[in-house]
Amino acid sequence: MSREEIKEELDRILSESAALIEQGRAYLASRGIEFDMTEWVTVKEYCNRFGIENTATVSNWIDSGVVPAEDTTIMEEYHNIRMLKAKPYHLKTEASAEDV
């Protein structure tokens, strides 16, 4: 694949992504929901962004409350995909450095 072909493919993917984000935003707005799609990511995208090896880890964080409930949502309109806010979450340790 040439550089020009790669650039064209990336441009196509970015254009499709922008269109999908806008489509999602328009759908939610039609339902009276304000939702900044740039702040929310899928579990898989969260793993990619924050270097987590598998999606089960993040799913376990969500289920156990490491990720607060207000930082997660289910997008029923998109086949019940689970979304979470794109920010780092930290596991609570038994004793932190400040506690010792």
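The values are calculated or read from the model by the stated rules, or taken from the named source; none is laboratory data. As the structure is a computational prediction, the values presented were derived from the model and not from experiment. Note that each Cβ is placed from the backbone with ideal geometry, even for glycine, and that neighbours are counted across all protein chains shown.
See the values below:
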quantity: Count - residues of the stretch 72-95 that are part of a helix (DSSP H, G or I) and surrounded by fewer than 11 Cβ atoms within 10 Å (Cβ to Cβ); calculated: 1
quantity: Thr38 vs. criteria in contact (Cβ under 8 Å) with a residue 12 or more places away in the chain, loosely packed, with under 12 Cβ neighbours inside 10 Å and within 28 Å of Gln23 (Cβ to Cβ); calculated: yes
quantity: Asp11 vs. criteria touching a Leu at 6+ places or on another chain (Cβ under 8 Å) and of a type outside the set (Ser, Thr, Tyr); calculated: no
quantity: Yes/no for Ala69 being at pLDDT 90 or above, under 15 Å from the mean Cα position of the chain (by Cα) and surrounded by 10 or more Cβ atoms within 10 Å (Cβ to Cβ); calculated: no
quantity: Subset of the stretch 62-71 (residues that are over 13 Å from Arg82 (Cα atoms) and of a type in the set (A, V, I, L, M, F, W, C)); calculated: Val66
quantity: Any helices (runs of 4 or more DSSP H) falling wholly within the stretch 1-65 and containing at least 3 residues that are farther than 30 Å from His90 by Cα, of a type outside the set (S, T, N, Q) and at pLDDT below 90; calculated: 3-30
